Structure formats: C-alpha cells, structure tokens
Amino acid sequence: MKIKKIVLMILGLYIFLAITDLNDILYAKVNSIKNDFKGIQTRLNLDKYEVDIEAKKIKSIEDNLSGITYNKNTKTLFAITNSPRKIFELTKNGELLRTINLKGFRDTEGITYLYDNTYAIVDERKGEVFLLSIDKKTKEIDKKETQNILTLKINSYKNFGYEGIAFDKAENTFFIVNEKFPVELIKISNLLKKEEINISLDNGLTTLNHFMSDFSGLHFDNNSRHLLFLSDESSSIAEVSLDGVQVSFADLEKGFLGLKKDVPQAEGITMDEEGTLFIVSEPNLFYRFNKAL
C-alpha cells in the first residue's frame, strides 16, 4: 500500500507541475543556473524575451504558414507556405510587402537566407533542397529555374518530415531538422563549395527529445553561433550550442514571455542582427519578441 501511495503522490505531483507549467519554469531556472555555474557567457537567454507583437494575422495568407527567415541586406523577412506554395516578403512589423508565387514545387516547408539575393528552401515531400534567387523584381519562381543542390534519400531515414533549414555561412554548413519519428538534425558541410560533401546525423545536438516531442523550425544565430530549435507540439524554443549544450529555453504558452495566449502552432523561427526574435504560427500568425531590459 505504501508503494501505491508513493506512486500516486508522484503521479499527482507530475500532473500538478504539468498543469501549472511549473515543470517548464523549474527547467528554465535550473538550466540557467547550471550554465552560470559552467561559466557559459555567450547565450541568448530566451526566457528573458518578451512579446511586443502577438498573434498578428498576416494579410493575404489564409493558412499553412510554415517558415520564416531574415535578410540582413533588405532588412525584411521572407515567409513561406506549403499550400498554396508561396513566399511572402514582410516588414519587421509583420506587414506584407509582396507575394512571390512558387511554381512546380510540392511541399515547401522551410526557408533560409544565405547571402546576396540567394536563399535555400526545403521541399518536405520529396526531401529536396533548392537554391533560388529573389531580387526586388521577383514575382514568381519556377522550380525549373532553381538549382537542386541536394536530394535527401527518403529511404535512408525513418521519416521524411524535413521541417526547418538553417545555414552557418562561416562554416558553409546547412542544418536540416526532421520533424518526428525520429526528431533528428541533419548536418551537411561543404554543399556550396567544390569540396567533398559531408552529411551526418548530429545526434549530439538532438538530446532535446526528453522535452521536445517534435521539431517544427530551426534557426542558426550568427552572433552567438547557437542553434534555435522550435517545437510546435511542446510549445517551446531551445537554444543549443554546437557542442550540444542546452544553453537556454523558453515556453510559448500563455503567461510566458508576456504572451496572453498560447502560440497555437509554431512553425518558423528567425532572428535579426540585433537579436530580435520572430516566430510564425499556422494558420497565419506573426509574433515578435525583444530582449527585456
């Protein structure tokens, strides 16, 4: 009977922590203290951010907002949808500037800015990565006019749900996240250079699955040189160093980061050079977060 009581008490405590979100609060606090103790100074401290634009509906987008990236040269954002397949240029306030039609693609889930006018997008359904150019006059992009730089062999992996793509320009390295079954990070080096391509499953950077049940988006921050993993199902963001240390954590539910409501389905994440954080959520919602003073 004593064992049964103990089990029930533990179960009750777990349910209480989950309902009140104290488990996430405690995790973020313990993680912060642990990294202070380790002397990790360079970190974004995601839990210190606060929302200043919440759940803004983007005009002309009805559904399936899937990814977002920031172009430091144009100082604008580029969001992507998978159905209909389009790219949308936005201001940092979430205002629509233009719509670019994508022709011939099947399931465009992720987008990342590389350099000049060059972007990479990932087509989830076929496991393909394309290079494409967007300038001030671009209104439509035909798949036939893009460069297929990689086709990830679907049969090589347990699932082909490639949801997010990020790029480390300094090291010429792409990172692609697999959504689920398993949650997985694919690291691809030297893809844009005439050198030997190296593709690996970086398991050292995917130790997040004890509290992230899926990966829905990804961003590489050039300032901290850390990856930001976004999870829709777990409603959270994790900052992870390239050697696999979980540096900071933030919850995307009501009451955290100044949010009045839960972020319903977070699908894309990016940052600008000043550290402003942008998240898009299905169906068509835009969020902006700034570091609290």
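No lab work stands behind these numbers, since they all come straight from the coordinates. Small disclaimer: the values here were computed from a predicted structure and weren't measured. With ideal geometry, Cβ positions are generated from the backbone for all residues, glycine too; neighbour counts draw on all protein chains shown.
Some observations on this one:
- Spatially proximal aspartates and glutamates relative to Lys59 (Cα-Cα < 17 Å; intrachain offsets below 8 disregarded): Glu89, Glu95, Glu282
- Table column - 3J(HN,Hα) (Hz), the range 88-96, Karplus curve with 6.51, -1.76, 1.60, x for Gly and Pro: 10, 8, 10, 7, 5, 8, x, 8, 6
- Taking amide hydrogens as placed 1.01 Å from N in the peptide plane, the amide H of Arg98 sits under 5 Å from those of Glu89, each at least 5 positions away in sequence or on another chain.
- Residue pairs exceeding 22 angstrom between C-alpha atoms, taken from Lys86/Lys126; Lys56/Lys126; Lys57/Lys261: Lys56/Lys126.
- In order along the range 69-79, the phi-based Karplus estimate (6.51 cos²θ - 1.76 cosθ + 1.60, θ = phi - 60°) of 3J(HN,Hα) comes to 9, 10, 9, 5, 7, 8, 6, 10, 10, 10, 9 Hz; Gly and Pro are listed as x.
- The amide H of Asn82, built 1.01 Å from its N in the peptide plane, has Ser66 as neighbours under 5 Å, considering only residues 5 or more places off or on other chains.
- Taking the range 42-291 and dividing mean pair separation by its residue count, relative contact order in percent (alpha carbons under 8 Å, at least six apart): 21
- Taking the centroid of alpha carbons for each part, the range 45-95 and the range 252-293 are 10 Å apart.
- Rounded to the nearest whole Hz, the Karplus-based 3J(HN,Hα) values (6.51 cos²θ - 1.76 cosθ + 1.60, θ = phi - 60°) of the range 226-236 follow the sequence 10, 9, 10, 9, 10, 10, 6, 4, 8, 6, 8, with x at glycine and proline.
- Modelled spin labels at Lys260 and Glu95, positioned 7 Å past Cα toward Cβ, are 2.1 nm from each other.
- Theoretical FRET efficiency, 1/(1+(r/R0)^6), r = Cβ-Cβ of Lys72 and Ile197, R0 35 Å, to 0.05: 0.85
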